[in-house]
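**Q** Attaching a single structure in structure tokens format; questions to follow.
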Amino acid sequence: MSLRARTAILISGRGSNMAALLAAAADPAYPAEIVLVLANRADAAGLARAAEAGIPTAVVESRPFGKDRAAFEAAMSAELARHGVTLIALAGFMRVLTEGFTGAWEGRMLNIHPSLLPAFPGLDTHARALAAGVRLHGCSVHLVTPGVDEGPILAQAAVPVLAGDDEATLAARVLAEEHRLYPAALAWMAAGQVSLRDGRAVVAAAPAPTATALRNPGC
Ligand code: GAR
């Protein structure tokens, strides 16, 4: 019997973070095994990438459920149970989850968000970072709680906002960091190295950061 955490990746779109997680989990020593990629849209491009990698896929279309989020989640839960999933990684999954679902998966569901939370929760994070004139931007991996993009933060990566950046160039710089950060964070989670203290996430045995500060402008 495999001791790796049976993990589902939930996607809505292109699935580049999913691909980064699949690549990491292709190593048998990686503590999470990806047993399912589940999409809420049949046209999610990531589904084909997952299938190419030989990973079981499922589609639970959210649209037909309309406002009945609980019924949509019940259909998802059936798929998750069918595959014996014990850990969930949201990777560009663009549906807000109910308190019932987040409660059922409390401490067992991660999300990646393209900003340095708690700055810029929600949508259009790169455009909002540019509009706000921040000099540092980035991404966060956090545990999922009922409040959107509010759960305890496990890990963050910061990038400089450069003169001349537009939404696309800034998004690409952040995305490259997402692809490094998420596999590391999922590994800590799957290996049981994450605990909660006073509502904050503590990661045991995580490596110290490689730089003490990222300054922009550099000085
Ligand atoms: C990623 O940038 C991810 O952080 C973001 O959607 C993108 C999905 O790209 N997620 C959110 O905004 C969730 N609030 P991907 O499908 O290529 O991984």
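The values are calculated or read from the model by the stated rules, or taken from the named source; none is laboratory data. Treat the numbers as computed from the prediction; the structure is a model and nothing was measured. Here the Cβ positions follow ideal geometry from the backbone for every residue, glycine too, while neighbour counts run over all protein chains shown.
**Q** When segment 6-29 is examined, which residues are found to be among the aliphatic types (A, V, I, L, M) and either surrounded by fewer than 23 Cβ atoms within 10 Å (Cβ to Cβ) or within 13 Å of the ligand (Cβ to nearest atom) (or both)?
**A** Result: Ile9, Leu10, Ile11, Met18, Ala19, Ala20, Leu21, Leu22, Ala23, Ala24, Ala26, Ala29.
**Q** OK, next. Does any residue of segment 127-138 turn out to be within 26 Å of Gly100 (Cα to Cα) and surrounded by fewer than 19 Cβ atoms within 10 Å (Cβ to Cβ)?
**A** Looking for residues that are within 26 Å of Gly100 (Cα to Cα) and surrounded by fewer than 19 Cβ atoms within 10 Å (Cβ to Cβ), one finds none in segment 127-138, hence no.
**Q** Among what's in segment 174-219 and is in contact with a Phe, Trp or Tyr (Cβ under 7 Å, 6 or more places away or on another chain) and farther than 15 Å from Leu87 by Cβ, pick the residue that is modelled with the lowest pLDDT.
**A** Ranking the qualifying residues of segment 174-219, first place goes to Ala206.
**Q** Would you please list the contacts, defined by Cβ atoms under 7 Å and residues six or more apart or on different chains, that run from a residue in segment 90-112 that is over 16 Å from Val59 (Cα atoms) to a residue that is at pLDDT below 95 and more than 10 Å from the ligand (Cβ to nearest atom)?
**A** If the second residue must be at pLDDT below 95 and more than 10 Å from the ligand (Cβ to nearest atom), the pairs left are Glu99/Pro146; Thr102/Pro146.
**Q** So, Ala32, is that one surrounded by fewer than 21 Cβ atoms within 10 Å (Cβ to Cβ) and more than 12 Å from the ligand (Cβ to nearest atom) or not? Quick ask: steps written out before the conclusion?
**A** Values: surrounded by fewer than 21 Cβ atoms within 10 Å (Cβ to Cβ): no; more than 12 Å from the ligand (Cβ to nearest atom): yes.
Considered against the rule, which asks whether it is surrounded by fewer than 21 Cβ atoms within 10 Å (Cβ to Cβ) and more than 12 Å from the ligand (Cβ to nearest atom), Ala32 comes out as no.
**Q** Within segment 91-116, which residues are closer than 23 Å to Gly46 by Cβ, among the hydrophobic types (A, V, I, L, M, F, W, C) and part of a loop (DSSP other than H, G, I, E, B)? Please lay out each step first, then the result.
**A** First pass over segment 91-116, keeping only residues closer than 23 Å to Gly46 by Cβ: 91-97, 101-102, 105, 108-115.
Cutting the leftovers down to among the hydrophobic types (A, V, I, L, M, F, W, C) gives us 91, 93-94, 96-97, 101, 105, 109-110, 112.
Passing the criteria: Ala91, Phe93, Met94, Val96, Leu97, Trp105.
**Q** Applying the selection to segment 86-101, what residues are closer than 10 Å to Thr7 by Cα and away from the ligand (no atom under 11 Å from the Cβ)?
**A** Of everything in segment 86-101, those that are closer than 10 Å to Thr7 by Cα and away from the ligand (no atom under 11 Å from the Cβ) turn out to be Thr86, Leu87, Ile88.
**Q** Could you tell me whether Thr145 is surrounded by fewer than 17 Cβ atoms within 10 Å (Cβ to Cβ), among the hydroxyl-bearing types (Ser, Thr, Tyr) and more than 9 Å from the ligand (Cβ to nearest atom)?
**A** No; evaluated as a whole, the condition is false for this residue.
**Q** In this structure, does Leu110 turn out to be closer than 20 Å to Ile9 by Cβ, in contact with a strand residue (DSSP E or B) (Cβ under 7 Å, 6 or more places away or on another chain) and within 13 Å of the ligand (Cβ to nearest atom)? Show your work before the answer.
**A** On the way: closer than 20 Å to Ile9 by Cβ: yes; in contact with a strand residue (DSSP E or B) (Cβ under 7 Å, 6 or more places away or on another chain): yes; within 13 Å of the ligand (Cβ to nearest atom): yes.
Yes.
**Q** For the condition closer than 26 Å to Thr125 by Cβ and either surrounded by fewer than 16 Cβ atoms within 10 Å (Cβ to Cβ) or within 13 Å of the ligand (Cβ to nearest atom) (or both), what is the one hit in Ala39, Ala104?
**A** On inspection, the qualifying residue turns out to be Ala39.
**Q** Could you list, ordered by first residue, the pairs with Cβ atoms under 7 Å in which the first is in segment 1-25 and farther than 13 Å from Met109 by Cα and of a type outside the set (A, V, I, L, M, F, W, C) and the second is within 9 Å of the ligand (Cβ to nearest atom) and in a helix (DSSP H, G or I), at least 6 apart or interchain?
**A** Gly13/Gly46; Arg14/Gly46; Gly15/Gly46; Ser16/Leu175; Ser16/His179; Asn17/Glu178; Asn17/His179; Asn17/Tyr182
**Q** Also, quick follow-up: Could you tell me whether Ala205 is farther than 16 Å from Ala89 by Cα, in contact (Cβ under 8 Å) with a residue 12 or more places away in the chain, surrounded by 12 or more Cβ atoms within 10 Å (Cβ to Cβ) and out of contact with any strand residue (DSSP E or B) (no Cβ under 7 Å at 6 or more places or on another chain)?
**A** Criteria not met by Ala205.
**Q** A further question follows. Name the pairs: first residue in segment 138-151 and without any contact (Cβ under 8 Å) to a residue 12 or more places away in the chain, second residue within 9 Å of the ligand (Cβ to nearest atom), Cβ to Cβ under 9 Å, at least 6 apart or on different chains?
**A** These pairs meet every condition: Gly147/Pro121.
**Q** Please count how many residues of segment 167-200 are more than 14 Å from Pro31 (Cβ to Cβ) and more than 16 Å from the ligand (Cβ to nearest atom).
**A** 6
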